[in-house]
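This report refers to the structure that appears directly beneath it.
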Amino acid sequence: MLKPLSADRWNDETAAHLLNRAGFGGPPAAIRELADLGLDKAVSSLLDYENIPNPTRDPVWAVPDPEGNKNLRDAIQKATPEERRQIQQQQQRLQFDRLMELRGWWLNRMAKGPRPFQEKMVLFWHGHFATSFEKVHNVYYMWRQNELFRRLATGNWLELLTFAGQDPAMLIWLDQAESRKEHPNENFAREVMELFSLGEGHYTEKDVTEGARALTGWSLDRLEEKFIYRPLFHDDGIKTFLGRTGNLNGNDVLAQIVAQPQAARFITAKLWSYFAGQPPADALNDALAAVFRENGNNFKPFLRVMFRTEEFYAPAIVRNQVKGPVQWLVGSVRMLECDLPPAPICEAVLRSLGQDLFAPPNVKGWDGGITWITTNTLLARYNDAATLIQGAFPPLAASDFARKPGGQGGAIAERQAQRLRIGGVSVDKIVSPEELADKDLLVKSLEHRLLQTTLRDEQQKALRDFLDTKTKLDNADVQTAIRLVMATPQYQVT
Amino acid sequence: MKNEISLQTRREFLRTTVLGSALSWTVPAFLANTFSALQSDAADSATQIITGKDATILVVLQMAGGNDGINTVVPYANDFYHRARPKLGLTAEQVLKLNGEIGLHGAMTGFKELFDSGNLAVVQGVGYPNPNRSHFRSTEIWQTASDSDKVEKYGWLGRYFDNCCAGADPTVGVTIGGQLPEAFFAKTPTGICFTDPRNYRFMANGRRGPGGLDLTEQAYEKMNEAEAAQIVAQASSPVRSDETNGQDARATTAAPDDNSGGTIGALAAGMPMQGGKAVDFIERMALDAQVSSEEVRKIADSVQNQATYPASQLGNSLKLVAKLIGGGLPTRIYYVSQGGYDTHTNQIPTQQRLLKELGDSVKAFMDDLKAQGNLPRVLVMTFSEFGRRVSENANGGTDHGAAAPMFIVGNKVKAGLLGTYPSLAPQDLYEGDIKYNVDFRNVYAGVLESWLKTKSAPILGHQFEPLQLV
């Protein structure tokens with residue numbers, strides 16, 4: 001088990017699989033380049049991203065602002081109820097604008113940045129420590145958490161768990177900021193075990209209440225916008241947590257969790273599921289967890305082994321993962337070498353597909369897999385493809401745009417949306433003159449770029465029938481053909 | 001087009017397939033439907049494909065987040081209540097009294113009217129043994145009707161679809177929302193979901209061909225229907241689940257219990273499935289989407305609402321459900337939800353807003369159905385994953401608890417207070433929570449047996465005493 005893929009199986013197909021899963025896919029040239037590197041170097045080219053310069057700048061508001069917070073607090077205290085409502089509305093608008101900016105900022109890193117694997121890991125951690133702006137109500141905190149996931153994307157398990165627990169967004173999201181010894185709040189204590197590290201059945205209700213007691217004192221300084229330990233909130237009594245007894249604190253709780261063999265098994269299974277598209281069999285996960293523990297619970301060396309194993313390239317794994325909405329959008333942009341649409345459009349598209357970044361449905365994150373596909377999200381994919389390819393803004397996305405919380409409703413928003421420029425696909429860039437002139441070649445080229453496999457005969461025929469309604473194809477026809485390939489079941493998997 | 005395909009392959013299909021029991025999930029619902037209609041004697045006798053205007057309809061309304069049942073159905077005269085809730089406790093003046101002990105939260109004027117007119121039943125103290133206080137786990141327990149220490153793959157409504165609606169139109173279950181709830185997860189995926197019927201379609205923006213037909217749309221239809229024939233052939237092939245030679249991708253994935261990867265059945269996070277590649281599942285959805293989008297849009301465009309709903313997400317959802325019922329969609333189960341009940345902090349304004357929205361929306365819905373003449377066909381059932389602790393917390397809120405009331409609304413219900421209010425006396429509490437008097441599966445059993453007219457044991461796993469609610 002966990003044997004590296006043999007050299008003779010490393011080719012364009014396996015390289016495309018690696019790029020699709022460890023990144024967001026890419027155009028044929030990028031796949032070729034990866035294939036030429038050989039397996040080990042290809043894996044390192046994705047995983048060892050630290051030395052790749054990253055040009056993305058932080059949003060201007062991405063700094064703590066104690067002064068501004070104090071002024072705002074004072075202003076609210078002095079305000080009349082009417083003024084207070086106005087300030088609140090203003091703040092809400094500001095937050096929604098920033099949230100949209102943040103979504104665009106992150107998607108741009110995924111779609112255009114030089115470190116796709118790092119961003120794929122950030123997306124994993126976002127789904128894992130699923131925290132929502134809907135409760136946190138502070139975009140700066142959401143950005144900070146996102147940066148935390150980026151900084152520790154492939155780092156150490158205990159370090160990540162500890163920083164995630166002390167992260168301001170998390171302190172609000174699971175109520176740890178409100179917890180004090182008189183009334184320990186159990187929310188974080190429970191979810192950290194159930195959803196983040198061990199899974200149900202690997203702790204008792206008693207561990208939850210005792211863990212909550214130990215975690216008291218972990219709190220949030222809302223003016224300074226950072227974690228603070230408040231000794232007065234902390235329960236100094238003796239607690240027993242997962243078999244360890246003493247005057248335990250928050251750090252002890254997380255250390256005790258990571259000391260459980262189950263904590264390794266839990267996270268390796270989840271990482272395998274995320275990248276391979278389905279849970280590992282028990283024996284496979286035992287082997288994966290052993291690698292993880294041998295490497296000091298560090299993610300990078302574990303992932304390097306994982307992406308090289310032959311199990312990862314098994315026929316049942318390849319092209320059998322439903323693309324999540326982010327993968328669908330970012331992957332399409334990468335494969336088609338087109339612009340990422342402006343942030344408001346991306347926001348509307350992802351909403352229509354069922355994945356609002358920074359707003360997962362609950363702390364369990366997105367269920368993923370085939371639950372991404374319902375009759376309506378499928379139709380949305382087919383329609384959003386037109387937005388992306390043709391630069392058209394169909395009513396679907398427009399009305400979702402109008403429904404944006406805090407956004408303007410109805411016709412105004414739809415008109416506003418129509419004015420947003422969406423690049424669309426430059427046909428000249430991805431289709432050669434020979435392909436444009438030869439319909440057989442064109443279909444082959446689109447299949448290769450978009451599916452890395454072929455359409456079924458009936459589908460090919462339907463596409464050819466469409467193309468055959470004109471003798472000489474123009475760019476708009478090719479755009480429509482691309483949309484049609486994207487509007488097939490096969491395009492929805494990777 | 002659809003008929004062409006089904007006619008081509010029908011004979012072969014019927015020769016090799018026993019209807020009702022062997023319908024694979026890969027068979028598109030419209031084909032299954034066609035076959036069932038053609039071969040009604042072959043269909044399982046439990047099958048109840050009822051279409052038209054006479055079937056009963058259940059509307060499930062989820063109050064997500066764990067509603068504080070104690071401040072919803074309020075024991076306003078109880079001393080223990082006021083002692084446990086010095087800040088949040090509601091006085092006799094603040095509630096809508098149902099009797100000398102119990103009243104509805106003051107915001108629920110809509111529910112009070114329904115109660116007074118004999119259209120509302122309050123089932124008191126509903127829960128289950130060994131309550132779980134995790135949102136996700138407890139929601140899952142309610143959605144799958146499982147024991148609290150067991151994990152069920154399929155939802156209770158999904159098992160209803162599997163047991164009673166084989167071969168039904170995909171619109172037999174309709175969720176207003178972006179994702180199917182776990183309650184709908186079924187061996188044979190059934191049910192559709194959407195948020196806005198106007199957008200529930202493929203939007204063409206290409207050229208029109210001869211006869212004004214849109215060429216893009218035509219191509220899309222073919223590229224998403226072309227597999228239907230293959231799907232049928234595959235489903236009807238007797239070797240399908242025996243072939244494990246690893247060469248044919250379709251065959252390798254058909255073994256339902258293969259947990260070693262490669263089967264959708266192994267997807268822990270996703271909807272549980274038996275065999276099949278992800279793409280097969282999507283093909284099925286693509287067909288269901290084509291067929292149902294046409295039906296739904298036709299109705300949403302033609303039916304008018306006859307009541308005024310509050311401007312809220314729940315109001316809009318029920319407005320849409322009323323239209324679909326009025327238009328005669330062959331749906332047995334509608335599912336709507338309202339979120340925001342997780343009131344750990346500053347509960348008073350939040351719960352006030354949510355309960356008002358709930359009461360007013362359901363009242364408008366009932367008025368609308370009455371005007372349509374469909375009121376006698378419809379039953380609304382609310383649930384929330386748990387109630388909240390008896391004692392308020394330090395943040396003006398309440399933490400996760402256990403038992404809570406359910407509401408059953410309709411003009412056939414046994415109106416009034418059902419069951420008894422759980423004791424709030426400290427010695428009667430379990431870890432700070434009230435104890436349940438009615439298992440929620442007794443309520444489900446009542447709904448299944450007396451409203452949906454089907455045996456509840458095969459769906460709920462055991463025979464639960466059906467609560468007499470209609």
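The values are calculated or read from the model by the stated rules, or taken from the named source; none is laboratory data. It should be emphasised that the depicted structure is a prediction, and the values quoted were computed from it without experimental measurement. Cβ: placed from backbone, ideal geometry, glycine included. Neighbour counts: every protein chain shown. For the accessible areas, the whole protein counts, side chains as well, though only heavy atoms, and no ligand, DNA or RNA atoms are used. Shrake-Rupley method; radii C 1.70, N 1.55, O 1.52, S 1.80 Å.
General observations
- Once divided by 2.2 N^0.38 Å, the Cα radius of gyration of the stretch A:214-264 becomes 1.31.
- The residue among A:ALA290, A:LEU94, A:VAL431 whose Cα reaches farthest toward the positive pole of the charge dipole of chain A, with charges on the beta-carbon of Lys, Arg, Asp and Glu, is A:LEU94.
- Carbon/sulfur fraction of accessible area - the stretch A:139-281, other protein chains in place, 1.4 Å, %: 53
- The protein assembly as shown - accessible surface per residue (Å², probe 1.4 Å): 37
- Ranking B:LYS277, A:LYS78, A:LYS135, A:LYS41 from most to least accessible surface, computed with a 1.4 Å probe over the protein chains only, gives A:LYS78, A:LYS41, A:LYS135, B:LYS277.
- Inter-chain Cβ neighbour count for A:201-212, averaged per residue, equals 1 (cutoff 10 Å, partner chain atoms only).
- B:MET223, A:MET1, reordered so the largest accessible area comes first (probe 1.4 Å): A:MET1, B:MET223
- For the peptide B:128-134, the mean number of other protein chain Cβ atoms found within 10 angstrom of a residue's Cβ is 3.
- Using equal-weight Cα scatterers in the Debye expression, the normalised intensity of the stretch B:64-105 in log10 at q = 0.15, 0.20, 0.24, 0.31 Å⁻¹ is -0.31, -0.53, -0.74, -1.10.
- HN-Hα J in Hz across the stretch A:30-35 - Karplus 6.51, -1.76, 1.60, θ = phi - 60°, x for Gly and Pro: 5, 5, 4, 4, 5, 4
- Here the calculated FRET efficiency for A:ALA62 and A:ARG230, from their Cβ-Cβ distance with R0 = 22 Å, stands at 0.25, rounded to the nearest 0.05.
- What separates the Cα centres of the stretch A:1-72 and the stretch B:370-424 is a distance of 50 Å.
- For chain A, a simple Cβ point-charge model (Lys and Arg +1, Asp and Glu -1, everything else neutral) yields a dipole of about 540 debye relative to the Cα centre.
- Taking the charge dipole of chain A about its Cα centre, with +1 at Lys and Arg Cβ atoms and -1 at Asp and Glu Cβ atoms, the residue from A:PHE466, A:TYR49, A:VAL443 reaching farthest to the positive side is A:PHE466.
- Total charge dipole magnitude, the protein assembly as shown, about the Cα centre, Cβ charges on Lys, Arg, Asp, Glu only, Debye to nearest 20: 1260
- Part-to-part distance (alpha-carbon centres) for the stretch B:274-345 and the stretch A:217-244, which is given in Å: 45
- Backbone N under 17 Å from the A:SER426 label point (7 Å along Cα→Cβ), restricted to the stretch A:27-43: A:27-30
- Members of the stretch A:356-383 that become less accessible by 30 Å² or more once partner protein chains are added (1.4 angstrom probe, chain alone as reference): A:LYS364, A:ASP367, A:ILE370, A:THR371, A:ILE373, A:THR374, A:THR375, A:ASN376, A:LEU378, A:LEU379, A:TYR382, A:ASN383
- The stretch B:286-371 - charge dipole about Cα centre, Lys and Arg +1 at Cβ, Asp and Glu -1, debye rounded to 20: 180
- Length available on full extension from A:HIS137 to A:GLU200: 0.36 nm per residue minus the Cα-Cα distance, which gives 19.8 nm.
- Rounded percent of accessible protein surface that carbon and sulfur make up, the stretch B:312-403, 1.4 Å probe: 47
- Accessible area buried by the pairing of B and A, both sides summed with a 1.4 Å probe, works out to roughly 5400 Å².
- Taken along the Cα-to-beta-carbon direction at a fixed 7 Å, the label points for B:ARG353 and A:ASP465 span 5.2 nm.
- Between A:ILE87 and A:THR453, the modelled labels are 5.9 nm apart [label points 7 Å from Cα along Cα→Cβ].
- If R0 equals 56 Å, the separation of the Cβ atoms of A:GLU337 and A:SER6 corresponds to a calculated FRET efficiency of about 0.95.
- The ellipsoid that matches the Cα gyration tensor of chain A has semi-axes, each √(5λ) in whole angstrom, of 42, 31, 17, with the longest given first.
- Helix axis angle, A:205-215 relative to chain A longest principal axis, alpha carbon, degrees: 80
- Sequence-distant residues sharing a close amide H with B:VAL59 (under 5 Å, placed H): B:TYR334, B:LEU379, B:VAL380, B:MET381
- Helix A:475-486 axis, angle to chain A major axis (alpha carbon atoms, nearest 10°): 50
- For the stretch B:409-418, the Karplus equation 6.51 cos²θ - 1.76 cosθ + 1.60, evaluated at θ = phi - 60°, returns couplings of 10, x, 7, 9, 6, 6, 5, x, 8, 9 Hz by residue, with Gly and Pro reported as x.
- Sum of -39500 (n - 2.57) over DSSP H runs of 4+, divided by residues of the protein assembly as shown (222 nm, nearest 500): -14000 deg cm²/dmol
- Gyration tensor verdict on the stretch B:325-374 (Cα atoms; rounded if a/c is under 1.5, prolate if a/b is larger than b/c, oblate otherwise): oblate
- A Förster distance of 56 Å, applied to the separation of the beta-carbon atoms of A:LYS112 and B:ALA457, puts the FRET efficiency at 0.45.
- Residue by residue along B:191-202, Cβ atoms of other protein chains within 10 Å of the local Cβ number 5 on average.
- Vicinal HN-Hα couplings computed from phi for the stretch A:62-72 (Karplus, 6.51 cos²θ - 1.76 cosθ + 1.60; Hz; Gly/Pro x): 7, 9, x, 9, x, 4, x, 5, 5, 4, 4
- Charge dipole (the stretch B:275-339, unit charges on Cβ, about Cα centre) - positive-most of B:ALA278, B:VAL321, B:ALA289: B:VAL321
- Accessible surface of the stretch B:105-212 [probe 1.4 Å, protein heavy atoms]: carbon and sulfur percent: 47
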